[in-house]
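Here is the structure we will look at, set down as structure tokens.
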Amino acid sequence: MKPPREPELELRGRLIRSLGSLREMLPGSFVERQRACGRPNCHCADGQRLHSQYQISVLIDGKPKALNIPAELAEKVRQKIEMRRRFDAAAATICGVNLKRFLKEKEDRQV
Ligand SMILES: [Zn+2]
């Protein structure tokens with residue numbers, strides 16, 4: 001006979017197993033800003049067709065930093081920062097499942 005299904009444990013297991021795929025995650029937030037480069041004969045000099053500048057906005061030793069990212073790495077970095085968001089969401093769900101189980105266990109003990 002199979003043990004009864006425990007959907008929350010299945011969810012927890014699934015989330016735990018998914019964390020390995022997030023190992024390349026990066027902290028901070030992804031920033032895209034538009035800027036002029038300052039060269040007078042560049043197409044950006046008209047103030048309309050600006051250059052995209054990509055940055056990671058992140059705390060390093062408690063201090064906010066904006067790190068420039070080369071354009072060819074921007075999409076990869078954006079995805080890695082998104083991994084961190086998924087990691088945090090998975091951790092919050094796992095903690096929620098565990099807290100519920102802990103409270104249940106505590107309650108059962110008091111009966
Ligand atoms: Zn320019």
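List of remarks:
This table checks each residue for (1) assigned to a helix (DSSP H, G or I); (2) under 18 Å from the mean Cα position of the chain (by Cα).
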{"position": "GLU8", "(1), (2)": "yes, no"}
{"position": "LEU11", "(1), (2)": "yes, no"}
{"position": "ARG17", "(1), (2)": "yes, yes"}
{"position": "SER21", "(1), (2)": "yes, yes"}
{"position": "MET25", "(1), (2)": "no, yes"}
{"position": "GLU32", "(1), (2)": "no, yes"}
{"position": "PRO40", "(1), (2)": "no, no"}
{"position": "ALA45", "(1), (2)": "yes, no"}
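- Filtered by the rule that a residue be free of Cβ contacts under 8 Å to residues at least 24 places away in the same chain, part of a strand (DSSP E or B) and within 16 Å of the ligand (Cβ to nearest atom), the stretch 50-69 gives HIS51, SER52, GLN53, ASN68.
- Any hit, the stretch 71-79, residues being at pLDDT below 95 and of a type outside the set (A, V, I, L, M, F, W, C): no
- In the stretch 22-49, residue nearest to ASN68 (Cα to Cα) [restricted to those that are near the ligand (Cβ under 9 Å from one of its atoms) and surrounded by 13 or more Cβ atoms within 10 Å (Cβ to Cβ)]: ALA36
- Remark: pairs (first residue in the stretch 70-96, surrounded by fewer than 14 Cβ atoms within 10 Å (Cβ to Cβ); second residue at pLDDT below 95; Cβ separation under 8 Å; 6+ apart in sequence or on different chains) = ALA71/SER52.
The values are calculated or read from the model by the stated rules, or taken from the named source; none is laboratory data. Note that the structure is predicted; figures quoted are calculated from it, not measured. Positions of Cβ are backbone-derived with ideal geometry, glycine not excepted, and every protein chain shown enters the neighbour counts.
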